[in-house]
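One structure coming up, written as structure tokens, with questions to follow.
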Amino acid sequence: MLAKVFSAAVWGVDAFAVEVEVNATYGKAVTVVVGLPDTAVKESRDRVITAVTNSAFKYPYGRVTFNLAPADVKKEGPSFDLPMALGIIAASEQLSLCHLDHYWVVGELALNGEVRPVKGALAIALSARKHRKKGLILPAANAAEAAVVTGLDVYPVTHLREAAEFLAGARPITPVKVNPNVILGEFDAIEHDFADVKGQEHVKRAIEVAVAGGHNVLMIGPPGSGKSMLAKRIPGICPPLTLDEALETTKVHSVAGLITADQALVTRRPFRSPHHTISDAGLIGGTAVPSPGEVSLAHHGVLFLDELPEFRRSALEVLRQPLEDGTVTISRAAGSMTFPAQFMLVAAMNPSPGSGGFGDAERGRASQSAIRRYLNKISGPLLDRIDIHVEVPAVKHETLLKPGAAESSADVRARVLKAREIQHERFTAKRKVRCNAQMSAKDLKTFVPLDTDSESLLRMALSELNLSARAYDRILKVSRTIADLAGAEKVDATHISEAIQYRTLDRQVWG
């Protein structure tokens, strides 16, 4: 007899429908899986046979064929175990699974019939709703994650027999309900506070401007000056995720297998800090079948690259596309995939291979050629895509011993949120633009008109500092953010002047 079970597979960060056809006939005892299965899917055959028999069902003796349609798209992972097992039960007429057509089914099976979690549950739930399915049957460990999708009933199962009896109408299962807005409203206390950072007021100001406008920032200073300490406090002043942002971020983390059983949504902006030995594929995404890299896992969050020149030059160069477009496209033999990668880049580095600061005696210990080789690891095009460059000098002893706490992250965050609200009102009609850093050249002409003084100042800076056209756009974007923090409707020479200061460091060092 022939049976059909509807399932799904993940491609990139989205899911597509897969029909699992099962045909059981008399003949030589053999089980065949077709439809471009990968190794994990081929191994499902043995897991399914054992799980079915250990769940008090009989595996049919004869020729059994599994077909995963569409047959021209490669299927990977163990998520087809459960639909294949249910197909066997239906094809051998052991139970009348009369409701199979109404549901999508995904899940990995243990040898005793238990249902284990799979990757990409949120993407599968969104696709199931798009296909107007009545519900989704999946492992209980994935239920909370999938249940954030409204308009779809999510039925958690822990065992193959439980799923089979539910589809036969013999066992009721209550669908899981989750209110995503309530989850997003639960904001955790700030773990790392700017109040712990002594001094570095100008660096804190630069970081505040960067977060308020979503700008990339590069901190240059000697070891021990507080670069990493400052970077770790950036998530505490970031605006909260919107529901759309949380869903997009959760989809990426779900595909990567980073969502835990008790987690329904990613509620805080990601902070990813890969080691400088990371490969190109680890940073940008890849392997034989493309999967999200660190730039995609930092989507709607912060990507912190400490010791920037120590990263491979090739790895840094692949950052150009995501920094410019907010996406990354990976092409492999298995196909081409596009992952979201809209993040705020925070980078830190020493001014030289040694440990000294700018212009001091320690920096002089390294030869000029060694310093030049060290700095040239970061290309001009990549540097141009970093909006703000700021020096982080060593903190003096008097500052460290000074009593009293600095300004808290809560105070800085309040100003950031106010500036973001101004930007939200400005870009209401432009759904793709969420902050000043994402403005196009056309947007700059509309939202950053310059008066005579500002234009003269900017023209002089471009001439003397020999800045590129991209750097010109970055200055305008940063100046718009500075004006928003000040509550100013128009950008004036004061805002332009501060924005120019954040572009002089690259010419001081690299020029």
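If the Cβ limit is 7 Å and pairs must be 6+ apart or interchain, which residue in the stretch 86-106 that is closer than 18 Å to Val157 by Cα pairs with which residue that is open to solvent by less than 70 Å² (accessible area, probe 1.4 Å) and among the charged types (D, E, K, R)?
Short answer, once both residue conditions are applied: His102/Lys133; Tyr103/Lys133; Trp104/Lys133.
While we're looking at this one, here's another question. Checking the structure you have, find out if any residue of the stretch 432-443 is in contact (Cβ under 8 Å) with a residue 12 or more places away in the chain, open to solvent by 50 Å² or more (accessible area, probe 1.4 Å) and either hydrophobic (A, V, I, L, M, F, W, C) or touching a His at 6+ places or on another chain (Cβ under 8 Å) (or both).
Scanning the stretch 432-443 turns up at least one residue that is in contact (Cβ under 8 Å) with a residue 12 or more places away in the chain, open to solvent by 50 Å² or more (accessible area, probe 1.4 Å) and either hydrophobic (A, V, I, L, M, F, W, C) or touching a His at 6+ places or on another chain (Cβ under 8 Å) (or both).
Let me ask another. Take the stretch 102-127 and flag every residue that is more than 25 Å from Asp244 (Cβ to Cβ), open to solvent by less than 20 Å² (accessible area, probe 1.4 Å), out of contact with any His (no Cβ under 6 Å at 6 or more places or on another chain) and not β-branched (Val, Ile, Thr).
Tyr103, Gly107, Leu109, Ala110
Here is a list: Val20, Val52. Which entry is part of a strand (DSSP E or B) and among the β-branched types (Val, Ile, Thr)?
Result of the check over Val20, Val52: Val20.
Kindly list, by first and then second residue, each pair from a residue in the stretch 398-421 that is at pLDDT below 75 to a residue that is open to solvent by 80 Å² or more (accessible area, probe 1.4 Å) and not β-branched (Val, Ile, Thr), limited to pairs with Cβ atoms under 9 Å and residues at least 6 apart or on different chains.
Note: pairs meeting the criteria are Ala405/Asp196.
Taking interchain pairs and intrachain pairs at least six residues apart, which have beta carbon atoms under 8 angstrom, with the first residue in the stretch 452-474 and closer than 14 Å to Ala499 by Cβ and the second aromatic (Phe, Trp, Tyr) and surrounded by 12 or more Cβ atoms within 10 Å (Cβ to Cβ)?
Listed pairs, sorted by first residue: Leu458/Tyr472; Leu462/Tyr472.
Hey, another quick one. Scanning the stretch 1-12 for residues that are at pLDDT 90 or above and in contact with a Phe, Trp or Tyr (Cβ under 7 Å, 6 or more places away or on another chain), which turns out farthest from Leu297 (Cα to Cα)?
The residue in question is Phe6.
This table checks each residue for (1) within 30 Å of Arg420 (Cα to Cα); (2) out of contact with any Asp or Glu (no Cβ under 9 Å at 6 or more places or on another chain); (3) crowded, with 20+ Cβ neighbours inside 10 Å.
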residue	(1), (2), (3)
Thr158	no, no, no
Gly169	no, yes, no
Ile173	no, no, no
Phe194	yes, no, yes
Ala206	yes, yes, yes
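Follow-up question, since we're still on this one. Within the stretch 57-72, take every residue that is in a loop (DSSP other than H, G, I, E, B) and not hydrophobic (A, V, I, L, M, F, W, C) and give me the one that is least open to solvent (accessible area, probe 1.4 Å).
Looking at residues that are in a loop (DSSP other than H, G, I, E, B) and not hydrophobic (A, V, I, L, M, F, W, C), I get Gly62.
Any idea which of (1) exposed (fewer than 13 other Cβ atoms within 10 Å of the Cβ); (2) closer than 30 Å to Gly221 by Cβ is the one Arg385 doesn't satisfy?
Exception for Arg385: condition (1).
So, one more: Show the residue pairs that are 6+ apart or on different chains and have beta-carbon atoms under 7 Å apart, the first residue being within the stretch 475-494 and touching a residue at least 60 places away in the same chain (Cβ under 8 Å) and within 21 Å of Met344 (Cβ to Cβ), the second being of a type outside the set (Val, Ile, Thr) and open to solvent by 40 Å² or more (accessible area, probe 1.4 Å).
Close Cβ pairs (under 7 Å, with a partner that is of a type outside the set (Val, Ile, Thr) and open to solvent by 40 Å² or more (accessible area, probe 1.4 Å)) amount to Arg480/Phe447; Leu485/Arg415.
Yes or no, residue by residue, for (1) within 20 Å of Leu417 (Cβ to Cβ); (2) not in a helix (DSSP H, G or I):
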| residue | (1), (2) |
| --- | --- |
| His202 | no, no |
| Ser228 | no, no |
| Gly236 | yes, no |
| Ala246 | yes, no |
| Thr260 | no, yes |
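Can you tell me how many residues in the stretch 444-484 are of a type outside the set (Ser, Thr, Tyr), part of a helix (DSSP H, G or I) and buried (at least 20 other Cβ atoms within 10 Å of the Cβ)?
So the count comes out to 12.
Next question, about the same structure. Looking only at the stretch 241-274, how many residues end up being more than 13 Å from Val148 (Cα to Cα) and aliphatic (A, V, I, L, M)?
Residues that pass the stated criteria total 7.
Still on this structure, please answer the following. Mind telling me which of the residues Leu323, Leu283 ends up being modelled with pLDDT of 90 or more and touching a Gly at 6+ places or on another chain (Cβ under 8 Å)?
Every option except Leu283 fails the conditions.
So which residues in the stretch 31-46 are in a helix (DSSP H, G or I), crowded, with 20+ Cβ neighbours inside 10 Å and not hydrophobic (A, V, I, L, M, F, W, C)?
Selection gives Ser44 alone.
Out of Ser379, Ser355, Ser367, I need the residue that is at pLDDT below 75, touching an Asp or Glu at 6+ places or on another chain (Cβ under 9 Å) and hydroxyl-bearing (Ser, Thr, Tyr). Which one?
Result: Ser355 is the single residue among Ser379, Ser355, Ser367 that is at pLDDT below 75, touching an Asp or Glu at 6+ places or on another chain (Cβ under 9 Å) and hydroxyl-bearing (Ser, Thr, Tyr).
The values are calculated or read from the model by the stated rules, or taken from the named source; none is laboratory data. Source: prediction; values computed, not measured. Glycine gets a Cβ as well: all are built from the backbone with ideal geometry, and neighbour counts include every protein chain shown. Heavy atoms of the whole protein, side chains included, go into the accessibility calculation; ligands, DNA and RNA do not. Shrake-Rupley method; radii C 1.70, N 1.55, O 1.52, S 1.80 Å.
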